[in-house]
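What follows is a single structure, written as structure tokens, with notes after it.
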Amino acid sequence: MQGLMMETPLTLTSIFEHAVRYFGRKEIVTQRPEGPPHRYTYAECGRRVRRLARALQQAGIGPGDRVATFAWNTYEHLECYYAIPCLGAVMHTVNIRLHPDQLAFIINDAEDQVIFCDRSVVAALDQLAGRLPTVRLVVLMGPGSVQTCQVAETVDYEAFLASADGEVVWPELDEDSAAAMCYTSGTTGNPKGVVYSHRSSYLHSLTTALVAGDGARETDRYLPVVPMFHANAWGGIYAFMLVGADIVLPDRFLDPQHLLQFLRSERVTVTAGVPSVWTLLLAEMNRTGERLPDLHAILCGGSAAPAALIAGFDQVGLRLYHAWGMTETSPVGTHGSIKSYLRTLPEAEQLALRAKQGFPLPGVELRIVDLATGERCPEDGTTSGEIQVRGPWICRAYYHDEQDADHRFTTDGWLRTGDVGTVDAEGYLEIVDRTKDLVKSGGEWISSVQLENTIMAHPQVLEAAVIGVPHPKWSERPVAVVVPRADAGPALTQAAIQEFVRDQVASWWVPDAVVFVKEIPKTSVGKFDKKRLRTELPLPVLG
Ligand code: ADP
């Protein structure tokens with residue numbers, strides 16, 4: 001027997017229309033390089049989005065056409081987040097920090113026709129002049145004097161909006177049609193395109209709103225530090241506008257001083273970003289003694305949040321929530337909060353639990369599979385295996401790769417994430433490592449993530465990355481690359497760190513060497529760039 005419910009499509013258009021109709025007076029604020037921040041209401045944003053969509057239509061963009069963005073977190077970018085998909089076109093967010101060859105590869109692979117580009121990053125596009133045959137129009141956004149881009153015919157964003165002969169009439173969309181796409185960072189081989197549908201984006205927004213921090217609320221003021229050019233900015237733009245929260249956008253001003261000031265002056269209540277951003281913010285708060293009384297949730301993911309970071313925020317009255325996901329999972333897969341009946345556990349146990357990556361969002365199924373046998377692992381909190389997931393916002397194939405060349409999808413319909421982890425009896429996931437970053441010592445695995453977090457608990461260590469270095473006897477041994485805190489003295493030596501770690505991990509996990517650096521290279525989205533560490537750093541020869 002069939003259900004007797006209507007099948008109105010789940011689309012981003014319905015999120016947009018709901019937000020601007022019912023929360024028209026709520027605010028969107030954007031930091032500007034000079035002068036006061038730009039402010040306007042959802043209602044004004046709505047009018048501009050409809051004009052933008054109409055202008056795109058007049059420029060010949062229709063259903064299925066790919067339109068790229070190349071921009072920071074601003075209200076113009078936010079307008080693209082709705083106008084492009086609600087028109088039926090596909091918004092391709094391009095990571096502005098990629099290497100020119102990767103940029104050329106993904107823009108050509110997606111066959112983008114129009115690129116919305118911030119004036120502040122136009123130089124990165126100019127380098128691609130002559131290499132992007134499908135791009136016929138570049139629309140320049142934001143303050144600045146640049147008027148042209150070498151890639152194609154150029155028009156100013158405001159002039160483009162003004163050229164619209166009215167507002168769009170939204171097309172009826174199939175909920176399974178493509179809304180947006182984003183390429184994985186391609187740490188091995190070429191980047192792979194992940195294509196989100198309206199339905200997947202809608203469901204991801206609903207569930208993210210449900211769990212983010214204590215759940216997204218109308219009273220929130222949400223500031224995404226996580227860039228809108230990667231993995232949908234974790235879906236927060238849609239999730240928080242769905243509930244009518246104010247949106248606060250930092251543009252490119254992400255250094256800890258700016259961020260602290262902006263979070264405070266805009267009375268932000270929820271923010272989101274990777275651990276490296278929060279490490280610097282916490283150090284700045286401790287240095288200046290400044291506090292953020294309005295902020296009640298820091299959403300943190302993208303790489304593992306060390307327990308020391310979570311505890312450090314506790315001490316300044318801020319709550320960090322740990323989440324896990326990837327471009328392929330829209331991206332939020334799990335979110336960490338302590339269940340009520342676990343709040344009676346001793347503080348240390350609760351902290352250990354909060355340092356895990358949480359449990360799956362409703363709708364996401366997760367299993368741990370033994371890497372060697374392919375058997376499902378017990379969920380005992382200690383047996384580790386590859387994390388596999390499935391659900392309505394998990395990708396089932398890469399763009400232009402329906403044959404699944406890298407075998408990332410199982411025959412029974414699960415995504416192989418390439419992450420290794422454990423799940424405990426309560427369902428909390430703990431990421432042990434990425435398969436490719438595990439250190440294989442004498443046939444046994446050492447978790448680089450766990451070692452890093454142990455070292456980062458040292459009071460004089462700001463950041464630590466662990467990589468496997470070839471060893472004649474053990475095949476690989478761990479080496480730690482450490483950034484001392486500004487106030488660290490000469491006592492912070494290799495021996496001191498080895499000693500500190502020795503108490504807390506198995507003796508064969510203690511790193512063979514510690515290399516001190518001023519900074520750890522980061523990937524385009526702020527994670528430790530272990531590939532560069534392996535190739536660029538003068539690493540010790542072991543054995
Ligand atoms: P990339 O890092 O390759 O650019 P993504 O942004 O999609 O691609 O990152 C996804 C990966 O980031 C995951 O597969 C996982 O390895 C890592 N990751 C994400 N969140 C966490 C977390 N909370 N803890 C540890 N690792 C994480």
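The values are calculated or read from the model by the stated rules, or taken from the named source; none is laboratory data. Predicted, not measured: the structure shown is a model, and the values here were computed from it. Cβ coordinates were reconstructed from backbone atoms using ideal geometry, including for glycine residues, and neighbour counts include every protein chain displayed. The accessibility values were calculated without ligands, DNA or RNA, using every heavy atom of the protein model including side chains. Shrake-Rupley method; radii C 1.70, N 1.55, O 1.52, S 1.80 Å.
Looking at region 389-441, which GluC sites (Glu not before Pro) are DSSP coil and have at most 11 other C-beta atoms within 10 Å of their C-beta?
Within region 389-441, the qualifying GluC sites (Glu not before Pro) (loop, at most 11 other Cβ atoms within 10 Å) are Glu402.
Residues within the reach of a label modelled at Arg136 (point 7 angstrom out along Cα to beta-carbon, backbone nitrogen below 16 Å), restricted to region 52-67, are 55-67. Full extension of the chain segment joining Asn190 with Arg291 gains 32.1 nm, where the gain is 0.36 nm per residue of separation less the Cα-Cα distance. Over region 229-290, with a single point scatterer placed on each C-alpha, what log10 of the ratio I(q)/I(0) does the Debye formula yield at q = 0.17, 0.26 1/Å? Relative scattering, expressed as log10 I(q)/I(0), comes to -0.64, -1.26. According to the calculation over all Cα-Cα pairs in region 44-141, the P(r) per 5 Å bin from zero is 3, 14, 27, 26, 18, 10, 3, 0 %. Packing here is the average count of other Cβ atoms within 10 Å per residue, and on that basis the peptides 221-232, 385-396, 146-157, 191-202, highest first, run 221-232, 191-202, 385-396, 146-157. How much solvent-accessible surface does Leu537 expose, in Å² to the nearest 10, with a 1.4 Å probe and all protein chains in place? The value for Leu537 is about 40 Å².
Suppose accessible area is computed on protein heavy atoms with a 1.4 Å probe; arrange Asp176, Asp314 from highest to lowest. Don't jump to the answer; show the numbers that get you there.
Values: Asp176 105, Asp314 60 Å².
Reading off the accessible areas and sorting them downward yields Asp176, Asp314.
Please report the net charge: other residues with Cβ closer than 10 Å to the Cβ of Val483, K and R +1, D and E -1. List each step's numbers first, then the result.
Numbers: positive: Arg485, Lys518; negative: Glu463, Glu519.
Cβ neighbours under 10 Å give a net charge of 0.
Local charge for Phe105 was computed over the other residues whose Cβ lies under 15 Å away, with Lys and Arg +1 and Asp and Glu -1, and equals -1. Reported to the nearest whole Å, the Cα centre-to-centre distance from region 136-175 to region 334-395 is 43. Out of every Cα-Cα pair that region 146-273 contains, those further apart than 22 angstrom amount to 56 percent.
Please work out whether region 110-189 counts as rounded, prolate or oblate from its C-alpha gyration tensor, where a ≥ b ≥ c are the square roots of the eigenvalues and a/c under 1.5 means rounded, while otherwise a/b larger than b/c means prolate and anything else oblate? Oblate shape, in that a/c is at least 1.5 and b/c is the bigger or equal ratio. Size of the chain from its Cα atoms: along the principal axes, largest to smallest, the extents are 71, 61, 52 Å. Region 1-60 to region 194-257: how many Å between their Cα centroids? Rounded to whole Å, the Cα centres lie 14 Å apart.
Using unit Cβ charges (K, R positive; D, E negative) and no other charged atoms, how large, in debye to the nearest 20, is the dipole of the chain about its Cα centre?
740 debye
Of the residues Leu254, Trp278, Leu309, the one whose Cα sits farthest towards the positive end of the charge dipole of region 242-309 is Leu309 (charges of +1 on Lys and Arg Cβ, -1 on Asp and Glu Cβ, taken about the Cα centre). Restricting the GluC sites (Glu not before Pro) of region 464-536 to loop positions (DSSP other than H, G, I, E, B) with no more than 10 neighbouring Cβ atoms within 10 Å leaves Glu519. Computing Rg and the Kirkwood Rh from the Cα coordinates of region 1-43 gives a ratio, Rg/Rh, of 1.32. For Cys149, the shell of other residues with beta-carbons less than 10 Å away shows a net charge of -1, using +1 for Lys and Arg and -1 for Asp and Glu.
Across every pair of different alpha-carbon atoms, what Kirkwood hydrodynamic radius in Å does region 439-536 reach? Please report the intermediate quantities before stating the final value.
Numbers: mean 1/r = 0.0733 Å⁻¹.
Hydrodynamic radius (Kirkwood, Cα only) of region 439-536 equals 13.6 Å.
Subtracting the Cα-Cα distance of Glu44 and Arg534 from 0.36 nm times their residue separation leaves 171.5 nm of extension gain. Of the residues Ile15, Pro191, Trp72, the one whose Cα sits farthest towards the positive end of the charge dipole of region 12-253 is Trp72 (charges of +1 on Lys and Arg Cβ, -1 on Asp and Glu Cβ, taken about the Cα centre).
Close amide H pairs (under 5 Å, H built 1.01 Å from N) link Trp324 with Gly333, Thr334, His335, residues at least 5 positions away or on another chain. Annotated for the chain: lysine pairs at least 8 residues apart or interchain, Cα distance under 23 Å, count 26. When Leu10, Leu415 are compared by accessible area at a 1.4 angstrom probe, the order from most to least is Leu10, Leu415.
Multiplying the residue separation of Thr344 and Glu499 by 0.36 nm and subtracting their alpha-carbon distance yields 52.5 nm.
Protein chains only, probe 1.4 Å: how do Arg25, Arg119 rank by accessible area, largest first?
Arg25, Arg119
What number, in percent, do you get for the relative contact order of the chain if the mean sequence gap of Cα pairs under 8 Å and at least 6 apart is divided by its residue count? Could you put the intermediate results ahead of the total?
Numbers: 1142 pairs, mean separation 54.4, N = 543.
Relative contact order comes out at 10 percent.
Taking each DSSP H run with n ≥ 4 as -39500 (n - 2.57) and averaging over every residue of the chain yields -8000 deg cm²/dmol at 222 nm.
The charge dipole of region 12-253, taken about its Cα centre with unit charges on the Cβ of Lys, Arg, Asp and Glu (plus for the first two, minus for the last two), comes to roughly 300 debye.
Using only Cα positions of region 12-253, each an equal point scatterer, no hydration layer, compute I(q)/I(0) via Debye at q = 0.09, 0.13, 0.15, 0.16 Å⁻¹ and quote the log10 values to two decimals. For region 12-253 at q = 0.09, 0.13, 0.15, 0.16 Å⁻¹, log10 I(q)/I(0) is -0.34, -0.74, -1.01, -1.17. Kindly provide the GluC sites (Glu not before Pro) of region 229-305 that DSSP labels as loop, not H, G, I, E or B, and whose Cβ sees at most 14 other Cβ atoms within 10 Å. Here the sparse-neighbourhood loop sites are Glu290. The mean sequence distance of close C-alpha pairs (under 8 Å, at least 6 residues apart), as a share of the length of region 444-538, puts its relative contact order at 26 percent. Along the positive direction of the dipole of the chain (beta-carbon charges: Lys, Arg +1; Asp, Glu -1; about the Cα centre), which of Ile61, Leu361, Leu242 reaches farthest? Among Ile61, Leu361, Leu242, the one farthest towards the positive end of the dipole of the chain is Leu242.
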